[in-house]
Structure formats: structure tokens, C-alpha cells
Amino acid sequence: MKLFEPLNIAGMAIPNRIMVPAMVTRLSGDDGFVNQDIRERYVRYAQGGVGLIVVEAMAVHDAKSGPLLRISDDKYIPGLADLVRRIHDSSDAKVVPQIIHFLKVAKSGWRQTVDMLSHVDIDRIVEEFGNAVVRARQAGFDGAELHSAHAYTLASFLSRTNPRTDEYGGQALEGRLQLIGRIFETIRKKTGGDFPVGVRFLADEFIKDGYTVCDAKVIGLRLAELGAAYLSLSVGGKFEDAIHVPGHVPYPYTGYSGDRCMPGNWYPNVPHAHFSAEIKSYLTSHGYNTPVATTGKISEPDDAERLVAAGQVDIIGIARGLLADPDWPNKVRDGERERIIRCDYCNVCKHLDGTHNRVICSLWPQGALQAPIDIRSADAPKWNSDGAALRVLTAGNGIVALKWNKSAAASRYDVHRCDEQGNVSIEDAVKVTRWEDHNVLSGKRYRYYVKPYAATGQPGVPSNTVFVDLPPPSYMTPSMTAATIG
Ligand SMILES: Cc1cc2nc3c(=O)[nH]c(=O)nc-3n(C[C@H](O)[C@H](O)[C@H](O)COP(=O)(O)O)c2cc1C
């Protein structure tokens with residue numbers, strides 16, 4: 001599989017094309033230092049076989065925030081160096097920190113915007129990014145990633161809504177590129193230019209008047225010209241459409257652009273990779289082979305392999321999917337797809353991030369702070385003597401309610417549904433033994449079964465299968481339904 005072929009990123013050799021993109025864990029304290037929980041979280045990704053680990057956003061400055069890692073002072077270097085050492089000792093994965101600058105936001109909903117920054121402020125930001133990259137290198141990281149996506153300072157300069165009217169301003173795309181250009185210049189001066197520095201930026205802002213892939217292609221080209229080691233594409237996640245809850249600091253993933261950034265379970269799989277493919281093809285046509293990473297609801301191994309094999313992108317970012325199951329790469333490589341603990345995109349992790357609580361996955365065992373260790377020899381969960389006894393409680397008015405018996409040692413159940421065409425999909429992953437399907441079409445026949453999983457990912461035997469024939473809606477004549485079925 002091409003997914004498991006190595007890739008050289010400006011001298012940083014990653015063993016495969018799977019990346020865990022930056023994901024704030026809220027595991028650090030307000031002091032910004034690496035602690036034991038952080039070390040465990042990232043060593044776990046390394047053990048799971050991922051090729052590139054992007055450590056969660058860490059601030060290049062000291063501005064107040066919730067729990068967040070920092071790289072704003074030399075005092076953080078020993079802790080970061082220890083983290084890197086442990087990751088390198090655990091696997092041949094490469095590791096980079098995502099470095100971030102953010103502006104002030106208040107509980108009142110007020111927020112600082114880029115037009116409020118003086119030239120002195122801008123010079124300071126340039127210096128802070130340069131110094132942070134130097135510290136990343138001193139800590140032993142294999143490279144660094146500039147966070148120029150979502151709601152943060154660099155992305156706000158790149159934004160089509162950048163309100164500045166000077167040389168850093170939004171009237172011309174060149175103006176919007178000025179800050180990141182100066183940051184690359186400073187990094188070059190401070191590191192000699194041989195330290196791989198990638199950039200995460202938006203393929204589409206997904207806000208009114210925001211930029212789309214048309215600008216993103218040109219931004220990508222400039223970043224490639226500047227020598228960016230890789231380009232990692234995200235979408236949305238802006239303050240402009242965030243829903244402000246009075247008394248709380250606005251969280252940029254609450255509006256529509258936030259939905260796009262971390263697409264929930266009602267979104268199709270792989271909703272954004274076509275943007276990354278378009279940007280990659282644009283770079284190629286301009287003579288650049290800068291590796292391009294895409295992220296966004298990719299968790300099916302076939303999707304990941306297809307995108308890489310077709311040359312549409314070079315690296316597959318899997319955030320929530322690897323949070324749910326850090327062993328995803330090893331399981332896919334070893335032909336154990338059945339054992340993957342599949343993210344159900346419930347976004348509990350996103351909610352925990354937004355409320356500054358420690359980020360965990362709701363599919364992990366109750367109370368766990370880290371993904372359970374994968375024990376291949378672990379016992380598969382068994383049904384009790386009465387079997388699964390999957391049954392339909394009610395079916396009608398567009399809702400099917402299912403119930404089944406508890407399975408000993410099961411920590412979750414995947415609910416599978418099969419439609420009349422024989423397409424099987426995993427509709428949800430639940431810890432309880434009852435589930436309702438709200439996405440069925442009256443007049444159709446569906447088939448369901450559930451499968452128990454141990455906390456270790458070990459699957460049990462599927463339950464019995466139940467068939468549901470939903471009565472057609474009253475506004476349709478029998479001939480209409482027959483025609484549809486026929
Ligand atoms: C809890 C959480 C924290 C995140 N933190 C960051 C971050 O620090 N930097 C970043 O660029 N993206 C962050 N993201 C966005 C992810 O990197 C990723 O782009 C997004 O979740 C979509 O990918 P997925 O569908 O594979 O989860 C975060 C996402 C989640 C769920």
C-alpha cells in the first residue's frame with residue numbers, strides 16, 4: 001500500500017503517509033509545561049505506528065489562555081526535549097510542534113483583530129515565531145509547523161476579511177501574505193533555512209466573504225516558493241461565525257465554519273480532500289512538489305489509500321480517528337481493520353476542548369485519560385447465554401428503535417445498517433444497549449446488527465440480524481412506493 005511508503009519531507013523522512021494533525025489536549029496545566037499526561041498521549045500515537053506526529057498548538061508568546069503548551073521561553077525546552085526523546089525512542093515517527101500566535105478574546109465576546117496591531121506588535125510576532133522555531137530545533141524536534149489556520153493570528157492576516165489597509169492589509173492578496181513571508185525570512189536567518197518548517201492553512205475559510213480554494217491555491221504557491229517543507233490543509237474554524245454564549249470566551253468551532261473544520265457524524269466521509277488535491281495539482285503545474293497533507297473525516301483505510309495512491313495528496317491527516325484509536329496505522333498495516341475502534345464523530349472531544357477540559361474520546365473505557373493499550377491476545381467480548389437478542393422496539397414515523405442484551409466485557413457496540421442495495425454502514429458506536437435510527441426512509445427495508453468490542457479493540461461475534469420494513473408515508477400511493485422499490 002502506498003499509504004505505508006516512506007516520504008522525504010525536506011530532509012525529514014517519515015516512515016509512512018499517516019499524520020496525526022495538531023489536536024489540543026488540554027492536558028497541560030496553565031503553566032504551559034509538558035507533563036506526564038502529555039507524554040503518554042504522544043508516546044501512544046508513536047506506538048500506534050503513525051508516520052508524522054504534529055504536537056498540539058503551543059504558543060510562541062505568553063498571552064493568557066486556558067491550558068495550553070508553550071514554546072515562548074527557553075525554560076520550556078527541557079520538557080519538550082524529553083517529550084521528543086520519548087517519541088523517538090518509541091518509533092521511527094517524526095515529530096514537529098505546531099506553533100501558534102493568537103490575539104486576545106474576552107468573555108464579553110470582544111476580540112482583538114489584526115487591524116489593532118501596530119507595526120511594533122507585528123515585528124514582535126515575527127520575532128516570536130523565529131525564536132520558537134529555534135527552540136523547536138534545540139528541543140530535538142524534526143521540524144516545526146506554523147499554525148496559519150482557523151481563528152488565529154496568521155490565518156487572520158491571510159484572511160480575505162483582513163481589515164488592514166497598510167502593507168499587511170486585505171486589499172491585495174500580496175498584503176495578506178506579507179506577515180508569513182517575513183516570518184519565513186526570519187526563520188531562514190535564524191536557522192540557516194535547513195530546518196523543515198511546514199504550514200497549516202485553510203483551503204476554504206467557510207465564512208461569508210472568506211477566501212476559497214481560488215486564493216488557497218495562490219497562497220499555497222507562495223508558501224512553496226518560500227520553502228515551506230509541507231502544506232497541511234484544514235478548513236473553517238473561524239471567530240467570524242462563532243456562536244457567543246454570554247459569559248464565555250467565544251470558541252471558533254461553534255458556527256458553520258466550525259462544523260466544516262471538525263465535521264460531525266451527519267457529514268459524509270472525506271468532505272474536503274478535493275480542495276487539497278486541487279492545491280497540490282496547482283503546485284505541480286507550477287513546478288513544485290511540496291508535500292500536501294489533507295485532513296477531515298478520513299478514517300476508512302480505503303479512502304486514505306485511494307487519495308495517496310492516486311497522487312491527489314501526499315499525507316493523510318487523521319485527528320479524531322487517531323484519538324479514538326492510535327493503533328489505526330498498525331491495524332491497517334497488519335490487515336486488522338476489523339479491530340479498529342472507529343471514531344463516530346460525536347465531537348465530545350471538540351466540546352471538551354471548547355470548555356477547556358481534558359480531551360478524551362468517549363469511546364474509551366469510562367474514566368480513561370488515554371486510549372487503552374492494544375492487547376491482541378485479549379479475550380473477545382462474548383454475548384451471555386441468551387445471546388444478543390437484538391430486537392426492534394418500535395419502527396415508524398421515521399424512527400427505528402433497537403435494543404439488545406449486554407455483552408460481557410464489551411466496552412462499546414458498533415451499530416451496522418444494511419440498505420436494500422446491500423450497502424452496509426456503521427451508523428454509530430455506543431456504550432449503551434439501545435439505539436435509535438433517525439435517518440431512515442419510510443417505505444424501505446433495512447437490516448441491522450450490532451457488534452461488541454472490548455476496550456482493547458478486540459471484536460466479538462456480531463449479534464443476530466433484524467429486518468425492518470417501514471410502512472410508506474401516508475402521502476405516497478402504493479404504486480409510488482412500488483415504483484421506487486422496483
Ligand atoms: C479536540 C480537538 C483539538 C484540535 N486542536 C487543533 C490544533 O491545536 N491545531 C489545529 O490546527 N487543529 C486542531 N484541531 C483540528 C484537527 O487537527 C482536524 O483538522 C479536525 O479535527 C478534522 O480532522 P478529523 O476529521 O480527522 O478529526 C483540533 C481538533 C479537535 C477535535
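Sorted from greatest to least, the principal axis extents spanned by the alpha carbons of segment 206-364 come out as 48, 45, 26 Å. Taking 0.36 nm per residue of separation and subtracting the current Cα-Cα distance, fully stretching the chain between residue 366 and residue 8 would add 124.9 nm.
Each Cα pair of segment 382-485 feeds into the Kirkwood radius, which the Stokes-Einstein equation turns, at 10 °C and 1.306 mPa s, into a diffusion coefficient of 110 µm²/s. Working from label points 7 Å from Cα in the Cα-to-Cβ sense, the residue 107 to residue 167 distance is 4.2 nm. The stretch between residue 445 and residue 338 holds 35.9 nm of extra length on full extension. This uses 0.36 nm per residue minus the Cα-Cα distance. Counting only Cα atoms, segment 2-354 measures 55, 45, 42 Å along its principal axes, largest extent leading. Charge tally for residue 195 (other residues, Cβ to Cβ under 15 Å; Lys, Arg +1; Asp, Glu -1): +2. Within the chain, DSSP assigns beta bridges of which about 50% are antiparallel (rounded to the nearest 5). Between residue 289 and residue 461, residue separation times 0.36 nm minus the direct Cα-Cα distance comes to 57.3 nm. Helix 173-191 and the longest principal axis of the C-alpha atoms of the chain enclose an angle of approximately 70°.
The alpha carbon centroids of segment 370-430 and segment 254-324 are separated by 29 Å. For a straight C-alpha distance cut-off of 12 angstrom, the aspartates and glutamates reachable from residue 403 (same-chain residues fewer than eight places away being disregarded) are 436, 437. Couplings 3J(HN,Hα) for segment 160-165, derived from phi with the Karplus relation 6.51 cos²θ - 1.76 cosθ + 1.60 (θ = phi - 60°), are 5, 9, 3, x, 5, 10 Hz, where x marks Gly and Pro. With a Cα cut-off of under 28 Å and a minimum spacing of 8 residues unless on different chains, the lysine pairs in segment 13-123 number 5. Charges were assigned to the Cβ only: +1 to each Lys and Arg, -1 to each Asp and Glu. The resulting dipole of segment 382-485 about its Cα centre is roughly 340 debye.
Computed on segment 382-485, with alpha-carbon pairs under 8 angstrom and 6+ residues apart, the relative contact order is 28 percent. Across segment 2-354, the mean sequence separation of Cα contacts (distance under 8 Å, 6 or more residues apart), normalised by length, yields a relative contact order of 16 percent.
Amide H contacts of residue 144: 197, 198, each under 5 Å away and 5 or more positions distant or on a separate chain (H built 1.01 Å from N in the peptide plane; Pro and chain starts excluded).
FYI, it's all coordinate maths here, none of it is from the lab. Since this is a predicted model, take the numbers as computed values, not measurements. Note that we place each Cβ from the backbone using ideal geometry, even for glycine, and neighbour counts take in every protein chain shown.
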